[in-house]
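The values are calculated or read from the model by the stated rules, or taken from the named source; none is laboratory data. Quantities reported herein were computed from a predicted structural model and do not represent experimental measurements. Note that we place each Cβ from the backbone using ideal geometry, even for glycine, and neighbour counts take in every protein chain shown.
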Amino acid sequence: MKELLRVEGITKSFGKIVALSNVSTSIYNNEIVGLVGDNGAGKSTLIKIISGVYGPDKGKIYYKGKLVQLKSVQDAMRLGIETIYQDHSVVPSLTVSQNIYLAREIYRKIPLFKGISIKFNDTKKMNEESKLLLDAIGINISPTSIVEDLSGGERQSVAFSRTRIGRIELLLLDEPTASLSIGETERVINYIIESKKEISSVFVTHNPYLMFPVCDRFVVLGKGRKIADVKKENITQQELIKLITTGKANNTQQQ
Amino acid sequence: MRKINNQLLFSLIRRYPFIFALIIIAVFVGLVEPLYVSPGNIKTILIQSAIIIVLAVAVTIPMIGGEIDLSTVSVAAMSAMIAAQLLRHTGLGFFLVVIIVLLAGLIFGSFNGILVKKRIPALLVTLGTMGVARGLTWAIGARRAVPISDSTFINLFSSGKLFGIDMIFIWTLLVVVVGYIILHKTIFGTHIRAAGGEETSAMFAGVNTRTVKFSALLFSGVVASFAGILLAARVAAGSPTVLVGRELEAIIAPIIGGVSLKGGRGNILCPVIGAIVLSMIANAVVILGFGPDIQLMAQGILVVFAVAIGLRGGK
């Protein structure tokens, strides 16, 4: 399999707390990687570094073999890296289509003076396109609905639709099912599995029972360090849980 | 049919409680003192509202963006004083005077914006600039009021008429329209509501929330200084004591109208409704023969109600 993204020696501290220490791993094309670990393992920090929210203190990021600098979320999006977060995937007070196109609005530019222009939202076009994106994932909600009136599952559908605007190649999912019902969780899982035909995903969750059947490989973090990087065929679900809870790996799991 | 109408009425009351407050005040005070709803008095109320509407629009943009600007009233007073001094002591045409005054607002707005961008709480930053602007008003006026005798300036920004409408209304309407376009039609407006509604989500989506807040405070400073121009023309002077004690009215008006103090929610009608309600109360107090004690208490109670309704409805 061809390598899509590689992080090398990533270190990140917040004050005196070391969130990540010398973490290296790769994501390959068309695979689903489970990024697992107990609370405070550094999973969310690694996701935020790959998605451009934080810059690492040390370490390098390669995308399709090229060294890249992800200084902002927009930088990551331009490469094709999209992220869905548990609590911060949507702005509740905005409409569905405003959320889908947030920071990537379709606009009409009206010039004011020389070189100065105002960007007006093309709301009609964004509503039409949003409807198509929502239809594509089988969700029947109005693009003009206010997001705070939607259920948890519908909100995540809006977040998933967001990721389909750009040229997505890598989907990062940070606890995307944490606040969803069983039915809504199943829909998200099916979406991740379906997406594998076209893209790669990194799936972060506290629930190993949920992620085990879905993922091809597991990267286990503990207290900011990489404990194991193991393919699914080389580990059982129980062994994975033990690995997460004890933070100790054997030789096979260290591959 | 009647049930549907009742439902519609209740939903309208829930959504715009202070439009109904406005109607109730008008009916109640109008019954006690018919003079209150006479065309002449309604015009007085609207003229009294105009400058507060402009200041409240200035406050609304950063407020929806999740930041508060306490300095607008003082910046307006300072701007009025700058305009008065320039018109009195320099041969500058009023167009140049307006540009200089707007630049002063721009400087204050950028100063507020830069510090807020550096994550210093807007409440503290703008409390400071509120004091600085008021101090500058005293200093620029050499501690006394400076009269304006330029009738072109006064006519253009206050008492002149266009199609039979006072210029102060035309300018106020223009500011409201500009505010509407910015908040409801532009990408910047969407980003303001996103930054105020859920800053982390907006940031994760790729909105540069710090720059958005900076720009919102910049806008606020410029509009506040424009309110100062209207104020100077309205009272035909720059005064160090103008609007002293009324600093919070510009903040209260959008809250009364329905803007969430927590950010993210509200529209451009909110500051307009809020400012008119405040002026109606102030005017009713005078018409009914009460003193400023009753006015302040009535306005205070209204703010508590507005915030309570806003918090309960999440809006």
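Pick out the one residue from A:Glu154, A:Glu175 that is away from chain B (no Cβ under 14 Å) and not β-branched (Val, Ile, Thr). Unique residue meeting the criteria: A:Glu154.
Which one is nearest to the other protein chains (Cβ to nearest Cβ) among residues in region B:179-195 that are in contact (Cβ under 8 Å) with a residue 60 or more places away in the chain and within 20 Å of the chain's Cα centre (by Cα)? The residue in question is B:Arg193. Tell me, which residue of region A:73-104 that is over 13 Å from the mean Cα position of the chain (by Cα), in contact (Cβ under 8 Å) with a residue 40 or more places away in the chain and assigned to a loop (DSSP other than H, G, I, E, B) is surrounded by the most Cβ atoms within 10 Å (Cβ to Cβ)? Top of the filtered list is A:Val90.
Scanning region B:256-286 for residues that are of a type in the set (Val, Ile, Thr) and either surrounded by fewer than 24 Cβ atoms within 10 Å (Cβ to Cβ) or within 20 Å of B:Leu296 (Cα to Cα) (or both) turns up B:Ile256, B:Val272, B:Ile273, B:Ile276, B:Val277, B:Ile281, B:Val285, B:Val286.
In this structure, is A:Met77 touching a Phe, Trp or Tyr at 6+ places or on another chain (Cβ under 8 Å) and of a type in the set (A, V, I, L, M)?
No.
Of everything in region B:198-253 that is surrounded by fewer than 22 Cβ atoms within 10 Å (Cβ to Cβ), within 14 Å of chain A (Cβ to nearest Cβ) and of a type in the set (D, E, K, R), the residue that is nearest to B:Thr172 (Cα to Cα) is B:Arg210. One residue stands out in region A:194-205 among those that are in contact (Cβ under 8 Å) with a residue 60 or more places away in the chain and surrounded by 13 or more Cβ atoms within 10 Å (Cβ to Cβ): the one that is nearest to A:Ile241 (Cα to Cα), namely A:Thr205.
Yes or no: region A:87-97 includes at least one residue that is within 9 Å of another protein chain (Cβ to nearest Cβ), closer than 28 Å to A:Cys215 by Cα and of a type in the set (Asp, Glu).
Yes, region A:87-97 has at least one match.
Pairs, please: C-beta under 6 Å, at least 6 apart or cross-chain, first residue among the acidic types (Asp, Glu) and in region A:128-155, second crowded, with 19+ Cβ neighbours inside 10 Å? Short answer, once both residue conditions are applied: A:Glu154/A:Ile141.
Residues in region A:107-144 that are buried (at least 19 other Cβ atoms within 10 Å of the Cβ) and among the aliphatic types (A, V, I, L, M): 4 in all. When residues in region A:36-72 are screened for being among the hydroxyl-bearing types (Ser, Thr, Tyr), assigned to a loop (DSSP other than H, G, I, E, B) and surrounded by fewer than 21 Cβ atoms within 10 Å (Cβ to Cβ), 2 of them pass.
From the list B:Ala83, B:Ala104, exactly one residue is outside any loop (DSSP other than H, G, I, E, B), touching a Ser or Thr at 6+ places or on another chain (Cβ under 8 Å) and among the small types (Gly, Ala, Ser). Which is it?
Values: B:Ala83 fails: touching a Ser or Thr at 6+ places or on another chain (Cβ under 8 Å).
Just a single option satisfies the conditions, and that option is B:Ala104.
Residues of region A:110-127 that are more than 10 Å from every other protein chain (Cβ to nearest Cβ) and without any contact (Cβ under 8 Å) to a residue 12 or more places away in the chain: A:Pro111, A:Leu112, A:Phe113, A:Lys114, A:Gly115, A:Ile116, A:Ser117, A:Lys124. Take the conditions (1) more than 10 Å from chain B (Cβ to nearest Cβ); (2) closer than 21 Å to A:Leu172 by Cα; (3) modelled with pLDDT of 90 or more; A:Tyr101 misses just one of them, which is (1).
Within 14 Å of another protein chain (Cβ to nearest Cβ), under 23 Å from B:Ala58 (Cα atoms) and assigned to a helix (DSSP H, G or I) - does that describe any residue in region B:145-168? Within region B:145-168 (the criterion being within 14 Å of another protein chain (Cβ to nearest Cβ), under 23 Å from B:Ala58 (Cα atoms) and assigned to a helix (DSSP H, G or I)), the answer is no, since none of the residues qualifies.
Return yes or no: is A:Gly40 more than 14 Å from chain B (Cβ to nearest Cβ), under 26 Å from A:Glu194 (Cα atoms) and touching a residue at least 12 places away in the same chain (Cβ under 8 Å)? Break it down into steps so the answer makes sense when it comes.
Working: more than 14 Å from chain B (Cβ to nearest Cβ): yes; under 26 Å from A:Glu194 (Cα atoms): no; touching a residue at least 12 places away in the same chain (Cβ under 8 Å): yes.
When the stated conditions are applied, A:Gly40 does not pass them.
If you check B:Ile52, B:Ile24, B:Ile61, which single one turns out to be surrounded by 24 or more Cβ atoms within 10 Å (Cβ to Cβ) and over 30 Å from B:Ala145 (Cβ atoms)? Break it down stepwise before answering.
Numbers: B:Ile52 fails: over 30 Å from B:Ala145 (Cβ atoms); B:Ile24 fails: surrounded by 24 or more Cβ atoms within 10 Å (Cβ to Cβ).
Testing whether each residue is surrounded by 24 or more Cβ atoms within 10 Å (Cβ to Cβ) and over 30 Å from B:Ala145 (Cβ atoms) leaves just B:Ile61.
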